[in-house]
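Visitor: Handing you a structure now.
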Amino acid sequence: MGIVTTQRLYNSFGLHIRELFGQSVYKVNIDAGFTCPNRDGTVGVGGCVYCNNDSFRPSSCKPAIGVRQQVENGISYLSKRYKADKFIAYFQPYTNTYAPVDELRRIYYEALAHPNIVGIAVGTRPDAIDEEKFQLLQTIAKDYFVLIEFGLQSIYDKSLSYINRGHGYACFLNALDMASNHRSLHIGAHIIVGFPTETVDEMLSMATVVSELRLGFLKIHQLQIVKGTLMAAEYAKNPFFVFDYEQYLDFLVEFVQRLSPEIVLQRMFATAPDDILIAPVWNKTRQQILIDIENKFRAADAFQGKRYSGTRQ
């Protein structure tokens, strides 16, 4: 993986993928109709207290359409907008390994059947994968790029309990241990900063902890309060701290400086649709945020890994 220098402020996913494939590769979002074990009663009900999948799911990504049609629709749109011709099928909403292996095989290969799909990214939970599912993904990885994105959300069990996650940090570590036997797979994690159960120092400490794990990719974003969630109801009764814009940019610069320069950053902030977003309201476009992040890094003479002193395995 690429090492960040003062010229490369952070190890971005877009640049990493361009270096890997020799050109830009775009994600096609797929909703294959999965649910989650903390929704259907297996480990809990109600789902995570912050979760409303409409906060990140494109309108074209609907399970009723079918996987093949979603792939074709997504590729058609992205090809026209970006003149792209290589794509990763991104199984995003809910838990995308939460089904028998035969069903997963059918779903994944339905997406991979399109000649312009070069790989899959699978968003899932560490308690919804086992050796048989890893073997399936390892088989696919012989011919395609395969990225597994584990929803970690926090390394603190107090926060995982608060958000009704349905598993603890040890479960995530166990999934990483299983993944270590499948070196062809790319492994990522997703964390959210801003839970009221954590101090800012505890949030920053996650950079040091995840840097020493077997992770090649990381998503980090601020907690967003969105309509239709249990957290929204709690926030209405007892508003708690959420990052304002400048606070979050300052936090992000410090976090990324503590992060191993080998980890590829897939996401550094979230932008829920205005019609469901309650807080924090930044009134910034995605492009404006990216520009402001870069300016913050340059003003602080900062770059990914500047404060990192660990040694990854």
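The values are calculated or read from the model by the stated rules, or taken from the named source; none is laboratory data. Bear in mind the structure is a predicted one, so any value in this text is a computation, not a measurement. Don't worry about glycine lacking a Cβ; one is built from the backbone with ideal geometry, like all the others, and counts go over all protein chains shown. Each accessible area value is taken on the protein alone, full model and side chains, heavy atoms only, with ligands, DNA and RNA left out. Shrake-Rupley method; radii C 1.70, N 1.55, O 1.52, S 1.80 Å.
Visitor: Express the carbon and sulfur contribution to the solvent-accessible surface of the chain as a percent, rounded to the nearest whole number, probe 1.4 angstrom.
Guide: Whole-percent figure for carbon plus sulfur exposure: 49.
Visitor: Students often check this: by mean Cβ neighbours within 10 Å, which of 41-50, 279-288 ranks highest, and how do the rest follow?
Guide: In descending order of packing, they fall as 41-50, 279-288.
Visitor: Among P37, G194, N283, which residue has its Cα furthest toward the positive end of the charge dipole of the chain, with +1 on Lys/Arg Cβ and -1 on Asp/Glu Cβ?
Guide: The residue sitting farthest along the positive end of the dipole is N283.
Visitor: Quick one: which of 80-89, 152-161 comes out on top by average Cβ neighbours within 10 Å, and what's the full order, highest first?
Guide: Listed from highest to lowest mean packing, they are 152-161, 80-89.
Visitor: Using +1 on the beta carbon of Lys and Arg, -1 on that of Asp and Glu, and nothing else charged, what's the dipole of segment 111-195 about the Cα centre, debye to 20?
Guide: 180 debye
Visitor: Run lengths n ≥ 4 of DSSP H only: what is the helix-derived mean residue ellipticity at 222 nm for the chain, with -39500 (n - 2.57) per run over all residues, to the nearest 500?
Guide: -11000 deg cm²/dmol
Visitor: Next up: Let me spell out the model: positive unit charges on the Cβ of Lys and Arg, negative unit charges on the Cβ of Asp and Glu, origin at the Cα centre of segment 213-313. What dipole size does that give, in debye rounded to 20?
Guide: The dipole of segment 213-313 has a size of about 400 debye.
Visitor: Here's something else I'd like to know. Under a point-charge model restricted to the Cβ atoms of Lys and Arg (+1) and Asp and Glu (-1), what is the dipole moment magnitude of the chain relative to its Cα centre, in debye to the nearest 20?
Guide: Dipole size: approximately 740 debye.
Visitor: I would also like to ask the following. Just the accessible area per residue of the chain, please: how many Å² with a 1.4 Å probe?
Guide: 44 Å²
Visitor: Where q = 0.10 Å⁻¹, what log10 of I(q)/I(0) comes from the Debye formula for the chain, counting one point per Cα?
Guide: Normalising to I(0) and taking log10 leaves -0.55.
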